[in-house]
Amino acid sequence: MYVCICNALKDRELAAASNDARNVAEVFRRCGRRPQCGKCLPDVAKLIENSREQQNGICKLAAE
Ligand code: FES
């Protein structure tokens, strides 16, 4: 599914670029693109948040 229409970026590509990303700009940089209209930025931020939550979950499991 396309998340960023302006750059034709799909959810899978953005999710992969979101791993350990510090911010939305870094995700776009990893994809070799720049945000344009900005409508997708909240969704990309959510992908970063999901990635962090998954990492925290993995760390918690590893600590147990
Ligand atoms: S939809 Fe992503 S910049 Fe426009």
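The values are calculated or read from the model by the stated rules, or taken from the named source; none is laboratory data. Predicted model only: the values in this text are computed from it and were never measured. Cβ: placed from backbone, ideal geometry, glycine included. Neighbour counts: every protein chain shown. For accessibility, only protein heavy atoms count, side chains too; no ligands or nucleic acids. Shrake-Rupley method; radii C 1.70, N 1.55, O 1.52, S 1.80 Å.
Look at (1) charged (D, E, K, R); (2) over 23 Å from GLY57 (Cβ atoms); (3) open to solvent by less than 60 Å² (accessible area, probe 1.4 Å) and you find that ARG29 fails only one, number (3).
Could you grab me the full set of residues in the stretch 1-57 that are part of a helix (DSSP H, G or I) and near the ligand (Cβ under 9 Å from one of its atoms)? Show your work before the answer.
Residues of the stretch 1-57 part of a helix (DSSP H, G or I): 11-18, 24-30, 41-57.
Within the stretch 1-57, PHE28, LEU41, ASP43, VAL44 meet the criteria.
Within the stretch 4-26, at least one residue is in contact (Cβ under 8 Å) with a residue 40 or more places away in the chain and of a type outside the set (Gly, Ala, Ser). Those residues that are under 10 Å from the mean Cα position of the chain (by Cα) and open to solvent by less than 60 Å² (accessible area, probe 1.4 Å), I need them from the stretch 1-24; list them, please. The answer is ASP11, LEU14, ALA15, ALA17, SER18, ALA21, VAL24.
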